[in-house]
Amino acid sequence: MASLNYKEFALVTGGSGGIGSALCRVLPSIGLTPLIGFNSNVNIAKSLAKECGGFAVKMDMSDNGSILAAIENISTYLDNDGVLKGVILAASPAPDLVPFRNLNSDLLENQFRVNVVGSQLLLAGLIKNFFKKDKSGIIIGILSEAMGNENQPPTSGMGAYIIAKSAMKEMLRVCSTEYSWLKVRTISPGFTKTKMLDVFDPRYLELAQSEKQFSTPQEVAELIIKEIMS
């Protein structure tokens, strides 16, 4: 049993990215110590961990071995008086801007490995090793406004990304159904001012921003905090 002075942690995949790092900075304000999942940005992750009082966790979401090793390592960060309260799935490859007819298995697999396969493996491990014990846990999936809805078609030219995000949404629905005691939520931000925008033509971004103001990572982080607290 955790001590009276136990800490509550939240894991953020893609924690060294734009939205992920903004979220890690605000998690302490609601009493959660961030576990900053990173792949290659080790210096950013370690600096962020020092700033936020959290821990950098090596986690390549496209590699099963890396994910399984990270799950084991999380226990060492929690020690004997920590509780993993939830996970935010913020890691994702940038969209590949190609028309539907040019999609191929490599592009689809690149998106699915992180958004679906890696995320499912991670969630399965967290449920087994942390959440199931107290039948409690929070899962937040970051989707995309580009997926569209019943009144809006998906954005063209981002097929692999949108297909994978849609599959993530359904994967989370299955998870929520089988583990009804989990709090599973998703958010679907629009264009956000991160390095992911670098794949787009500046002229396209200028036109898009003239129609709708882009979000900041901090604004998206606040939306995630609201879902955690709801």
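The values are calculated or read from the model by the stated rules, or taken from the named source; none is laboratory data. Keep in mind the model is a prediction, meaning the values are calculated, not measured. Here Cβ is always computed from backbone atoms with ideal geometry, including for glycine, and neighbour counts include all displayed protein chains. With ligands, DNA and RNA removed, areas are computed over all heavy atoms of the protein, side chains included. Shrake-Rupley method; radii C 1.70, N 1.55, O 1.52, S 1.80 Å.
List the relative contact order of segment 127-214 as a percent without decimals, with contacts defined as Cα pairs under 8 Å and 6+ residues apart.
It rounds to 36 percent for segment 127-214.
Order the following by accessible area, largest value first: Arg173, Arg25, Arg113, Arg101. Probe radius 1.4 Å; ligands, DNA and RNA are ignored.
In descending accessible area the options line up as Arg101, Arg173, Arg25, Arg113.
What residues have an amide H closer than 5 Å to that of Val87, excluding those fewer than 5 places away on the same chain, when H is modeled at 1.01 Å from N in the peptide plane?
Sorted by chain and number, the residues that satisfy this are Leu11, Ile138, Ile139, Ile140.
Counting only residues 5 or more places away or on other chains, whose amide H sits under 5 Å from the amide H of Thr186 once H atoms are built in the peptide plane?
Here the answer is Gly141, since their amide H atoms fall under 5 Å of that of Thr186.
Any idea what the dipole of segment 1-146 comes to, in debye rounded to 20, about its Cα centre with Lys/Arg Cβ at +1 and Asp/Glu Cβ at -1? Kindly include the intermediate steps, with their values, before the conclusion.
Numbers: 12 positive and 12 negative charges, 55 e Å.
For segment 1-146, the charge dipole is close to 260 debye.
Assuming R0 = 22 Å, can you tell me the calculated FRET efficiency for the pair Val26 and Gln213, based on Cβ-Cβ distance, to the nearest 0.05?
0.60
Which one of Ile142, Pro154, Leu172 is farthest out on the positive end of the charge dipole of segment 124-177, using unit charges on Cβ (Lys, Arg +1; Asp, Glu -1) and the Cα centre as origin?
Leu172
Is any residue of segment 68-82 close enough, with backbone N under 19 Å, to a label point placed 7 angstrom from the Cα of Tyr6 along the Cα-Cβ axis, and if so, which?
Backbone N within reach: 72-82.
Which whole-Hz couplings ³J(HN,Hα) result when phi for each residue of segment 49-54 is put into the Karplus expression 6.51 cos²θ - 1.76 cosθ + 1.60, θ = phi - 60°, listed in order with x for Gly and Pro?
Karplus values, whole Hz, x for Gly and Pro: 4, 5, 5, 9, x, x.
Compute a Gaussian network model of the chain, connecting alpha carbons closer than 10 Å, and tell me which residue from Thr186, Thr13, Thr155 fluctuates the most.
Ranking Thr186, Thr13, Thr155 by mean-square fluctuation puts Thr155 first.
Could you work out how far apart the two model spin labels at Glu170 and Glu150 are, taking each label as a point 7 Å from the Cα in the direction of the beta carbon, and quote it in nm?
Once both label points are built, they end up 1.9 nm from each other.
Counting only protein heavy atoms and using a 1.4 Å probe, what share of the accessible area of the chain belongs to carbon plus sulfur, as a whole percent?
That fraction is 51 percent.
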